[in-house]
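A short worksheet on the structure shown next.
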Amino acid sequence: MDNVTFRMDTVLSDVHLLLPNARHLMARLNAASQPVFVSKFKILWDVEEKEPACTVPCPGGGEDDASAPRLCEGGEEDARAPRLCEGGKEDASPSRLCEGGEEDARAPRLCEGAEEDASPSRLSHTPLDDDGDLDVARRRPGDASSGWRRERVCPLILTQASGDAEDGCGEEDDGNEEDAPRQDIIRIEHTMATPLEDVGKQIWRGAFLLADFILSRPAEFAGATVLELGAGTGFTSVVMATQAKTVYCTDVGQDLLNMCQRNITINQHLTEAKASEVRVRQLDWMGNDFCTDAEEPFAWTEEEVAHLHDETSLIIAADVCYDDKLTDALFRTLYRITSNLRKPSTLYLSIEKRLNFTLRHMEVTCEAYDHFRHCLQELGDMEDGRMQYRVERVLGPVPQFFQYERVEQLVRGPFPVSV
């Protein structure tokens, strides 16, 4: 299932491209017949106690420190890894151990001043073709003479969604021990390689940066009422719910909201300890008001709208600016909501500056990001006698609680907007 077929309108998140998950089981098909995958993301709660990994070359030309022990999983020293003595020769004193503690006689051992025997006589048995390349005998399809047979690999679909709002949310896990809820694991269902209009069904690096920021400031978000705009899969809302009291997780599209609700449900063990609540609701930026029609799925109640306006003090959004029309609608929605909030509020925006080569400019540009910055500046300069906004950039390092690549175009935020 890792072989993705791309069309001209296909978009794939770098999170899924560069960090393939250990589990590539397609869990189901959604209502749009798109394959849905399950990924697990570990929260590194002890990140502040660990020293950051070295990202610069080590002294002496960047070569590996041969004096340091080589560690296997579990922290034990790897006795099979070569150790170098002064002068760059391999230290033959440590024995090479196999599993079970026996010495591995097959591993080459070099004494001081000696080199491994690589004479032609040792290599004469190696079959080579006319060009000197290694000649490997190919097994004919269906040839079982050697007793070895390749198993067929087929995708496995466990369930198929029916498209109902509660579809999939009540399904139980298969009971495997590896799937048992853990306080340091977030499980997210998502799609891969979607059209542009379905990018919210994937996970993006901006969500990880915003999640890191949330976990790095627990006192700021503790007990708060928070609104997330463009929540997508609900990953950031799940993280926020580990700190805040109430989180309104909003987006648009029934299939996307179904997926988001399911992710909130399968991660509720993380929020139960905090007695927090995540409410998945529809919020269309192109509309002019909250949807309160009781017959619509994920609609708001009048009480929820009143609670949002009375108690919300924080608004968050991650990687939601990739289309100029949507960006304009986002800032209109921000103004409409914040103008009705009773409490002073702060908005945290996390966005990745994406570079694209365009034929119109014949150079690398970042038009979506530039338009976002233009709208952000207009918001900060607004003086209508009713609202006042202050825009600034978060300063200082943000600890990394999740494993992902922090590219240069990402670490320039988040942007807090005080209202």
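Worth pointing out:
- Qualifying positions in segment 278-289 - surrounded by 15 or more Cβ atoms within 10 Å (Cβ to Cβ) and either of a type in the set (D, E, K, R) or closer than 23 Å to SER418 by Cα (or both): ARG279, ARG281, LEU283, ASP284, TRP285
- Residues satisfying the stated conditions in segment 36-49, i.e. surrounded by fewer than 16 Cβ atoms within 10 Å (Cβ to Cβ) and modelled with pLDDT of 70 or more: LYS40, LYS42, TRP45, ASP46
- When the strands (runs of 3 or more DSSP E) confined to segment 329-374 are screened for residues that are within 23 Å of ALA231 (Cα to Cα), in contact (Cβ under 8 Å) with a residue 60 or more places away in the chain and hydroxyl-bearing (Ser, Thr, Tyr), those reaching at least 1 such residues are found at 346-350.
- For THR250: the one exception among (1) free of Cβ contacts under 8 Å to residues at least 40 places away in the same chain; (2) open to solvent by 10 Å² or more (accessible area, probe 1.4 Å); (3) hydroxyl-bearing (Ser, Thr, Tyr): (2)
- Selection of segment 308-325 for residues being open to solvent by 50 Å² or more (accessible area, probe 1.4 Å) and farther than 25 Å from ALA222 by Cβ yields TYR322, ASP323, ASP324, LYS325.
- Residue within segment 195-213 that is modelled with pLDDT under 95 and farther than 22 Å from VAL320 by Cα present: no
- Taking segment 226-328 and the helices (runs of 4 or more DSSP H) fully enclosed by it, the elements with 2 or more residues that are of a type in the set (Asp, Glu) and farther than 21 Å from ASP212 by Cβ are at 302-311.
- Residue within segment 293-300 that is at pLDDT 95 or above and either open to solvent by 10 Å² or more (accessible area, probe 1.4 Å) or among the basic types (Lys, Arg) (or both) present: yes
- Looking at MET382, MET362, just one residue is modelled with pLDDT of 85 or more, over 15 Å from LEU209 (Cα atoms) and open to solvent by 30 Å² or more (accessible area, probe 1.4 Å), and that residue is MET382.
The values are calculated or read from the model by the stated rules, or taken from the named source; none is laboratory data. Bear in mind that the values here come from a model prediction, so they are computed numbers and not experimental data. When we count neighbours, we look across all protein chains shown, and the Cβ atoms used for this are built from the backbone with ideal geometry, even at glycine. Quick note on the areas: whole protein, heavy atoms, side chains included, nothing else; ligands and nucleic acids left out. Shrake-Rupley method; radii C 1.70, N 1.55, O 1.52, S 1.80 Å.
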